[in-house]
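Everything on this sheet refers to the single structure shown next.
The values are calculated or read from the model by the stated rules, or taken from the named source; none is laboratory data. No experiment lies behind these values; they were computed from the predicted model shown. Neighbour counts run over all protein chains shown; Cβ positions are idealised from the backbone, glycine included. The accessibility values were calculated without ligands, DNA or RNA, using every heavy atom of the protein model including side chains. Shrake-Rupley method; radii C 1.70, N 1.55, O 1.52, S 1.80 Å.
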Amino acid sequence: MKDLTQGSVLSHALTMAVPIFAGLVLVLLCGLIDLYFVAGLGEAAIAGVGAAGNAGFLVSALTQIVSVGTLAAISQAVGRKDRADANFIFNQSLGLSVVCGVCTLAVGFVLARPYVKSVAADAATVEAGTTYLVWFMPALALQFAMLAMASALRGIGIVTPTMAVQALTVINVILAPVLIVGWGTGYALGVKGAGLASSLAVAIGVVTLWAHFQQAENYLTFNRRQWRPQIEPWKRILSVGLPAGGEFAIMFAYMAAIYYAIGEFGPAAQAGFSIGSRVLGLIQVPAMAIAFTAAPIIGQNFGARNGARVRAAVGNVLIAATVVMVVATAVTQWQPELLLQGFTQDKATISEGALFLKMVSLNLVAQGLIFACSSAFQGLGNTRPQLISSTVRLITYVIPTLWLSARSGFRVEQIWYLSIATTTLQALLSLWLLSRELGKRLVFSPARWHRHCAGS
């Protein structure tokens, strides 16, 4: 366990950000490498995998319910020096993960084709997307347990084991060419192989994290007797996790609206957006890594009732994320076509992807602020304000997007302009809500603190 209530706040943030960054890069690179080999299968395969991959946002919404709630409760318990409660929450989160994972598999297999059919541009895209999603579904189900364990470690200030496990996703890099295009075997599985490679890599990651927690000296340990569902700890996890999950569900709706709106422009438009959005995701990783450090630092110091350090953590993370995103914007604005040419040589796809990167990269500074605010709300144990700002963005983006797509003369760049405006609006609203939340929650009166510790 690492005590984040002592020492330099900025030093803690930067130290934790490095392994978080490395882990996120490895995960995203695996996705990009999958996409590289899938790109050789044609536009329909790229668009289908991209559309199916968007379902990951919906499952991520559910995984966030467990992982964010776990992180908040454990980090605050550590701040209070209550190891027993931290272990109790950890084991309850694992029990909840098992239930959620089984339900995800069952529902996912049933709804895979109807979902892809609702957003894909043609029959070939539907077939590719459905096949990929079915084989990718085990990876999504296993994410619950893996993220619960990773969040528990982050809550106690430990991030290196998670980074090491994410490094194992290099297995996905090895499996992708073997399973997708048949390197060394001569038996190509196509998009099915892309989903299977991801599922195998995540399964290995879960087993590795599980082995890490078997070490006797760990601050958090397994206790299967504490896996049985209990209302009070589940309520504590869900009270923080549900709004955070809602935020990711909104992102799913946001992305689905884009796929639907650009569907009339054909597979090239959807493929360009699919590649461009993944490239943009990789560019955002440094700011994401910095933002993710806010939750455990704020959580532990909030649990320790140290308001000054909470405010210092918020300020440092907001400034650092902004600086990094300014640099990221400049990088993306410089010849975005070069960032796409490693994945496809199709001129139409590159043109659509470059337009997306050129315009939507103007969101990066605002998105960095959103990441930082979201992580701060997690540490404070109240994610409802971030859900409010995400809902505002959803309403102000999706409704106009659907309206524009139904009008004659609709152009793709119109929804990118709308994205810039609504993302900026969300960032400003998140900053205001965070300032308001800090003013309310950093008043540690005995009565209020007792209610908070009781999970009310």
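Only one of 344, 349 is at pLDDT below 85, farther than 23 Å from residue 289 by Cβ, part of a helix (DSSP H, G or I) and not aliphatic (A, V, I, L, M); which? Spell out the reasoning first.
Values: 344 fails: part of a helix (DSSP H, G or I).
Answer to the selection: 349.
Suppose we filter 11, 75 for residues that are at pLDDT 80 or above, outside any loop (DSSP other than H, G, I, E, B) and open to solvent by 20 Å² or more (accessible area, probe 1.4 Å); which single one remains?
Values: 75 fails: open to solvent by 20 Å² or more (accessible area, probe 1.4 Å).
That would be 11, the only listed residue that is at pLDDT 80 or above, outside any loop (DSSP other than H, G, I, E, B) and open to solvent by 20 Å² or more (accessible area, probe 1.4 Å).
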Residue check for residue 278: part of a helix (DSSP H, G or I), closer than 30 Å to residue 8 by Cα and charged (D, E, K, R): no
Pairs with Cβ under 9 Å, 6+ apart, first in the stretch 319-342 and within 22 Å of residue 355 (Cβ to Cβ), second part of a loop (DSSP other than H, G, I, E, B): 325/284; 328/284
Unique residue being at pLDDT below 75, part of a helix (DSSP H, G or I) and more than 16 Å from the chain's Cα centre (by Cα) when the list is 264, 232: 264
Residue in the stretch 376-408 that is least open to solvent (accessible area, probe 1.4 Å), counting only those that are over 16 Å from residue 239 (Cα atoms) and aromatic (Phe, Trp, Tyr): 397
The stretch 421-430, residues that are of a type outside the set (S, T, N, Q) and under 20 Å from the mean Cα position of the chain (by Cα): 427
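Residues checked against (1) open to solvent by 60 Å² or more (accessible area, probe 1.4 Å); (2) modelled with pLDDT of 90 or more; (3) within 21 Å of residue 293 (Cβ to Cβ):
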| position | (1), (2), (3) |
| --- | --- |
| 93 | no, yes, yes |
| 98 | yes, yes, no |
| 102 | yes, yes, no |
| 129 | no, no, no |
| 150 | no, no, yes |
| 162 | no, no, yes |
Failed condition for residue 244, given (1) open to solvent by 20 Å² or more (accessible area, probe 1.4 Å); (2) modelled with pLDDT of 75 or more: (1)
Residues of the stretch 261-275 satisfying the condition of being open to solvent by 10 Å² or more (accessible area, probe 1.4 Å) and within 16 Å of residue 414 (Cβ to Cβ): 263, 264, 265
The listed residue being open to solvent by less than 40 Å² (accessible area, probe 1.4 Å) and within 19 Å of the chain's Cα centre (by Cα), out of 298, 283: 283
Any hit, the stretch 201-216, residues being modelled with pLDDT under 80 and either open to solvent by less than 50 Å² (accessible area, probe 1.4 Å) or not in a helix (DSSP H, G or I) (or both): yes
